[in-house]
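The structure appears right after this line, and notes come after that.
The values are calculated or read from the model by the stated rules, or taken from the named source; none is laboratory data. Because the structure is predicted, anything quoted here is derived from the model rather than measured. All Cβ positions, even for glycine, are placed from backbone atoms using ideal geometry, and neighbour counts span all protein chains on display.
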Amino acid sequence: MKYRECLELIKKLCGPLEPIATGIEWRCSRSDSIKAVLFDIYGTLVVSGSGDVGTAREMSSSSSLQAALKDGRYIASEDAGEKGVALLNEEISNVHQQKRKKGAECPEVEIRDVWSAVVDKLKEAGSLTSAGNTSIELLAVSYECRSNPVWPMPNAIAVVDDLRRKGIRLGIVSNAQFYTPLMMEALFGGSPSDLGFDERICSWSFTVGQAKPAQEMFAAPLEFLAAAGVQAGEVLYVGNDMLNDVWTANRAGCRTALFAGDVRSLRLREGDSRCESLESDHVITDLSQLSGVVGEE
C-alpha cells in the first residue's frame, strides 16, 4: 500500500467541516463505574459530509470517480466515471447478497476487493487502461474523500486525551474501511494507537466481515475486556445512531451515550420497532461532555 501517499491525499482532499446543531438537549450524569469507552467514528469522532461511511456511494457523482481514477493513476475514458459508479453499486450489492446467503446478518465488503473488480470490468469494457504504478488504495481513498469528506469533531482529540489520562481504556467499534485508520492518522495527527486507542479493543467492520448492527462487531473487544476484568456493564459506547450504536451496544450489555451533535449524522430511527422504547443512558451534544460522565472530577 502507498501509505504515505494515501495520508497526503486525505490531507489534500479533506478540509474543515463544522457540525450542524440538532436542537436536542444533552442529558448526562457522572458514572464512576465506567472503565472503558468505545467510540463510533463517522458522525461521532469525525464530522462526516455524507453522514456516515457507506452512504457516500449513494450520494456520489461520476465526476468524483473520474477524478479518483486519475488519482489512482489510471487512464480513463470520459464515460468511465459514470460506468464505474454503476459497477460499484452493483458489485457491493452482489457481495452483500453472496454473504447473506452464507448467513451474514449485516454483510460488509472489503472495499479494495470491490474496487479491483470494478477496475477489471472497466478495463474489459475498454473504458480504462493502466500504464503501471496504479493504486487501488489511492483510487479508494480519493473516491471516499471526494464523496464523504471528513474532519475531526470539535473536542474529539481533547476528550480522547482526557479519558486516556484518566486511565480509561479506549477502543473503537465502527463501520469502516482500510482508509478509516489512515484518515484518523492524517487528520488527528496520529494513528489510533498513537492517540491512545488499544488495538485489542478496536473492531472495524471491513476486518470483521460484518457491520453494525451485527453483534459480531462487539464480540472481540468485549471478550478481551472481560478477560482483563472489565465487564460489559462497565463499558460505555458512544455513537450517533440509535440502531447501529445504541441498540447494538445495549444488546451487548454496554452502557450507551447517544452523540447528538450533528444533524447530518444523527440517526434517531424513530420508525424502527427495535428503537421504539429504547433510550440511551446519556445524550451528549458535544464530546467534551464525556469528561463529566467518565472518570474522576
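Read through the list (1) among the charged types (D, E, K, R); (2) touching a residue at least 12 places away in the same chain (Cβ under 8 Å); (3) out of contact with any Asp or Glu (no Cβ under 9 Å at 6 or more places or on another chain), then give the number of the only condition that E223 fails.
Here E223 clears every test but (2).
Cβ-Cβ under 6 Å, sequence separation 6+ or interchain: first residue in the stretch 115-133 and surrounded by 12 or more Cβ atoms within 10 Å (Cβ to Cβ), partner of a type in the set (V, I, T). Which pairs?
W115/I136; S116/I136; T129/I75
Name the residue that is surrounded by the most Cβ atoms within 10 Å (Cβ to Cβ), counting only residues in the stretch 95-114 that are assigned to a loop (DSSP other than H, G, I, E, B) and touching a Lys or Arg at 6+ places or on another chain (Cβ under 9 Å). Break it down stepwise before answering.
Residues of the stretch 95-114 that are assigned to a loop (DSSP other than H, G, I, E, B), as a first pass: 102-106, 108-110.
Pick out the ones that are also touching a Lys or Arg at 6+ places or on another chain (Cβ under 9 Å) and you get 106, 108-109.
Numbers: C106: 21, E108: 26, V109: 21.
Only one residue tops the list, namely E108.
Mind checking which residues of the stretch 183-222 are under 18 Å from V109 (Cα atoms) and aliphatic (A, V, I, L, M)?
Result: V208, A211, A214, M217.
Take the conditions more than 24 Å from A252 (Cα to Cα), surrounded by fewer than 20 Cβ atoms within 10 Å (Cβ to Cβ) and in contact with a Lys or Arg (Cβ under 9 Å, 6 or more places away or on another chain) and apply them to L13. Does it pass? Before you say what the answer is, go through the steps one by one.
Values: more than 24 Å from A252 (Cα to Cα): yes; surrounded by fewer than 20 Cβ atoms within 10 Å (Cβ to Cβ): yes; in contact with a Lys or Arg (Cβ under 9 Å, 6 or more places away or on another chain): yes.
In short, yes.
Looking at the stretch 185-195, is at least one residue modelled with pLDDT of 95 or more, under 22 Å from S64 (Cβ atoms) and not assigned by TED's automatic domain parsing to the domain that holds I111?
Within the stretch 185-195, one or more residues are modelled with pLDDT of 95 or more, under 22 Å from S64 (Cβ atoms) and not assigned by TED's automatic domain parsing to the domain that holds I111.
Give the stretch 169-191 a look and list any residue that's out of contact with any Leu (no Cβ under 9 Å at 6 or more places or on another chain) and not in a helix (DSSP H, G or I), or say none.
Those that are out of contact with any Leu (no Cβ under 9 Å at 6 or more places or on another chain) and not in a helix (DSSP H, G or I): N175, A176, Q177, F178, G190.
Of (1) farther than 23 Å from V159 by Cα; (2) crowded, with 18+ Cβ neighbours inside 10 Å, S277 satisfies all except one. Which?
(2)
Taking the stretch 90-108 on its own, how many of its residues are in contact (Cβ under 8 Å) with a residue 60 or more places away in the chain and over 20 Å from W204 (Cβ atoms)?
Step one: list which residues in the stretch 90-108 are in contact (Cβ under 8 Å) with a residue 60 or more places away in the chain, which gives 99, 104-108.
Filter once more, keeping what is over 20 Å from W204 (Cβ atoms): none.
Summing the residues that are in contact (Cβ under 8 Å) with a residue 60 or more places away in the chain and over 20 Å from W204 (Cβ atoms) in the stretch 90-108 gives 0.
Within the stretch 192-217, which residues are touching a residue at least 24 places away in the same chain (Cβ under 8 Å), assigned to a helix (DSSP H, G or I) and out of contact with any strand residue (DSSP E or B) (no Cβ under 6 Å at 6 or more places or on another chain)?
Within the stretch 192-217, L195, R200, S205, F206, V208 meet the criteria.
Any residue that is within 16 Å of V47 (Cα to Cα) and modelled with pLDDT of 95 or more - is there at least one of those in the stretch 244-258? Steps first, please.
Residues of the stretch 244-258 that are within 16 Å of V47 (Cα to Cα), as a first pass: 258.
When the remaining residues are screened for being modelled with pLDDT of 95 or more, the result is 258.
There is at least one residue in the stretch 244-258 that is within 16 Å of V47 (Cα to Cα) and modelled with pLDDT of 95 or more.
Sort through I92, I157, I136 and tell me the only one that's surrounded by 16 or more Cβ atoms within 10 Å (Cβ to Cβ) and within 30 Å of L290 (Cβ to Cβ).
Sole residue among the options that is surrounded by 16 or more Cβ atoms within 10 Å (Cβ to Cβ) and within 30 Å of L290 (Cβ to Cβ): I157.
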